[in-house]
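*Asks:* Could you have a look at this structure, given as C-alpha cells, before my questions?
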Amino acid sequence: MSGALLLADAKLADGRHVDVLCENGRVARLAPAGTLGASAAAVEQLGGALLLPGLVEGHIHLDKTLLGVGWIPNRPGGSVAERIAREKELRAELGGPSPERARRLAERVAAFGTTRLRSHVDIDAEVGLRGVEMLLALREEVRHLLDVQLVAFPQSGLVTHKGAAELMAEALRLGVEVVGGLDPAGIDGDVEGQLGAVFGLAERSGAMVDIHLHDFGELGAFELRRIAAWTRSTGLGGRVAVSHAFALGMVDEATFAATAAALAEAGVAIMTNGPGPVPMPPVRQLTEAGVVVFAGSDNIRDAWSPLGDGDPLSTAARIAWRQGFASDQDLELAFALVTGNAARVLGVEGYGLHEGAAADLVAVRVEAGVPEAVAAHPPRALVVKGGRVVARDGRLA
C-alpha cells in the first residue's frame with residue numbers, strides 16, 4: 001500500500017480509540033484501534049494521543065512579520081492611520097516584504113498544526129504588488145505544509161489611495177482569492193464608496209470578501225449593518241467576513257441585537273483574535289444569534305505588535321480567557337473558532353476527521369479531550385498534511 005499512512009490507536013474527540021488509514025491525501029478508513037493492522041507503508045503509533053482535524057488560521061499577515069531580523073522595538077501610534085504610517089517607515093527601512101521572513105512564519109504555524117490559513121497582504125502605491133507576488137510564490141513552496149489563501153488588503157485605503165483599486169483588481173487576476181477592505185469610515189471617510197468598490201471587485205472576480213473593521217461604537221455597528229446590506233444585495237452570503245469588529249463589544253443591547261441579526265441573515269462571519277486593550281465581539285452571543293465566528297492570530301512579531309506566537313490553540317485559549325469561558329462546552333466553542341468555523345469561512349471542502357475528509361490532522365497528548373487541548377495547548381505530537389507527516393513534537397519533520 002505504497003504512500004499510505006496508518007495512525008494507530010488515536011483517540012477521537014468523542015473518546016473512541018481508532019486506527020486511521022490515510023491514502024491519496026484523504027482519510028480512507030476509521031476503524032476500532034488494533035483492527036487495521038500494519039498494512040500501510042508507514043505506521044505512526046499514537047498511543048492514545050488525541051487526534052484532531054488540522055488547525056485553521058483565519059487571519060494572519062505573512063508579509064508583515066519581522067521574524068528573523070532580531071528585536072525591533074515597537075513604534076507606537078495613537079490611531080490606525082498613525083500606526084500605518086509607522087509601519088510604512090519601518091517597511092522602507094527593511095527594504096519591503098521579505099520571502100525569508102514570510103517563510104519562517106509559515107513554517108512556524110505549520111509546526112503548530114496549522115494546515116490552512118488566510119493571509120492578508122498589503123497593497124498600496126509604495127509596495128505595489130511585491131507582497132502579493134512574494135506570497136503567491138511562497139504558497140507554492142509551502143504547499144506540502146499548508147494551504148494558503150490570500151486577501152488583497154488596501155492598508156492605506158481603497159477610495160482615497162490613488163491606484164489602489166487597479167492594484168487590487170490586478171492582484172485578483174494574479175490569483176488572490178479574497179477582496180479586503182479597511183475601516184470604510186475611519187480610513188477612506190466614504191462608507192458607501194469603499195463598500196461599493198470592495199463588493200464590485202468581488203462580484204466581477206468571483207472572490208470572497210474580508211474587511212478589517214476597527215471603527216468603534218455606533219459608527220462601527222452602522223458599518224457592519226451596511227456590510228450586511230451589501231452582502232445581501234450582491235448575493236455573496238457565506239462568502240463575506242469582517243475582521244475585528246470591536247464595535248460589537250461596545251454597543252447597547254438593542255443595537256447589538258439588530259446588528260447581529262443583520263449579519264446572521266446576510267451570512268456575514270466575524271473574526272476575532274482576542275485583542276488585549278480593546279473591546280471584542282461577544283462570541284457566545286453572536287453564535288447564539290446565528291453568526292459564524294472564527295479566529296486568527298493577526299499580527300505576529302511585526303510593526304503592529306511584538307507579541308504573538310502563531311499557535312491557533314493558544315489563540316483559542318486567549319479568546320476563552322477574554323470571554324470568561326470556563327465550561328467544557330465553552331472551550332469546545334473556542335476550539336471551533338480555529339477549526340470547523342474557520343474552515344467554513346475559508347470555503348474549505350472535505351474538512352474534518354471522517355472517512356473521505358482531507359488527511360490534514362494534528363495529534364496532541366492530553367488526558368482528556370478538546371477542552372484540555374485548548375486550555376493547555378501543549379506541543380503538537382504529530383502533524384499530518386495530505387497524508388504525510390510534516391511535523392513531530394513541535395518541529396518540522
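The values are calculated or read from the model by the stated rules, or taken from the named source; none is laboratory data. Keep in mind the model is a prediction, meaning the values are calculated, not measured. All Cβ positions, even for glycine, are placed from backbone atoms using ideal geometry, and neighbour counts span all protein chains on display. For the accessible areas, the whole protein counts, side chains as well, though only heavy atoms, and no ligand, DNA or RNA atoms are used. Shrake-Rupley method; radii C 1.70, N 1.55, O 1.52, S 1.80 Å.
*Asks:* May I ask you to give the solvent-accessible area per residue for the chain, in square angstrom, as obtained with a 1.4 angstrom probe?
*Replies:* In whole numbers, the chain has 38 Å² accessible per residue.
*Asks:* Let me ask you something else. Using the alpha-carbon atoms, what tilt in degrees (0 to 90, nearest 10) does helix 130-141 show relative to the longest principal axis of the chain?
*Replies:* Once rounded, the angle reads 10 degrees.
*Asks:* Report the charge-dipole magnitude of the chain in Debye, nearest 20, computed about the Cα centre from +1 at each Lys and Arg Cβ and -1 at each Asp and Glu Cβ.
*Replies:* Result for the chain is approximately 780 debye, rounded to the nearest 20.
*Asks:* Out of the total accessible area of the chain (probe 1.4 Å, heavy atoms of protein only), what percent is carbon and sulfur?
*Replies:* 51 percent
*Asks:* Taking the Cα centre of the range 260-365 as origin, sum charge times position over the Cβ atoms of Lys and Arg (+1) and Asp and Glu (-1), and report the length of that vector in debye to the nearest 20.
*Replies:* Magnitude of the dipole: close to 260 debye.
*Asks:* Does anyone have the angle between helix 328-337 and the longest principal axis of the chain? Alpha-carbon axes, 0 to 90°, nearest 10?
*Replies:* Result, in degrees: 60.
*Asks:* Normalised by the number of residues in the chain, what is the relative contact order in percent for Cα pairs under 8 Å and 6+ residues apart? Mind showing how you got there, number by number?
*Replies:* Working: 896 pairs, mean separation 79.2, N = 397.
It rounds to 20 percent for the chain.
*Asks:* Counting pairs of alpha carbon atoms under 8 Å apart in space and at least six apart in sequence, what relative contact order in percent does the range 37-196 give?
*Replies:* Worked out over the range 37-196, it gives 21 percent.
*Asks:* Okay, moving on. For a protection proxy built on the mean count of beta-carbon atoms within 10 angstrom, sort 256-263, 28-35 highest first, please. Write down the numbers at each step before the final one.
*Replies:* Details: 256-263: 19.9, 28-35: 14.1.
Descending mean neighbour count gives 256-263, 28-35.
*Asks:* Sticking with this structure for a sec: Run the quick spin-label model on Asp252 and Val43: label points 7 Å from Cα toward the beta carbon, then report their separation in nm to one decimal.
*Replies:* That separation, rounded to one decimal, is 6.7 nm.
*Asks:* Positive end of the dipole of the chain, charges at C-beta (+1 Lys, Arg; -1 Asp, Glu), about the Cα centre: which of Ala42, Val293, Phe256 has its Cα farthest in that direction?
*Replies:* So the residue we want is Ala42.
*Asks:* Same structure, new question: Would you be so kind as to identify which of Leu138, Ala102, Ile123 lies farthest towards the positive end of the dipole of the range 30-147, taking Lys and Arg as +1 and Asp and Glu as -1 on Cβ and the Cα centre as origin?
*Replies:* Of the listed residues, the answer is Ala102.
*Asks:* Among DSSP beta bridges lying fully in the range 1-95, give the percent that are antiparallel, nearest 5.
*Replies:* 70 percent
*Asks:* So what is the relative contact order of the range 66-139, in percent, for Cα pairs below 8 Å that sit 6 or more residues apart?
*Replies:* Computed value for the range 66-139: 30 percent relative contact order.
*Asks:* Pairing the Cα long axis of helix 253-266 with the longest principal axis of the chain, what angle in degrees results, from 0 to 90 and rounded to the nearest 10?
*Replies:* 70 degrees
*Asks:* Over the chain, what is the percentage of antiparallel beta bridges among all DSSP beta bridges, to the nearest 5?
*Replies:* That works out to approximately 45 percent antiparallel.
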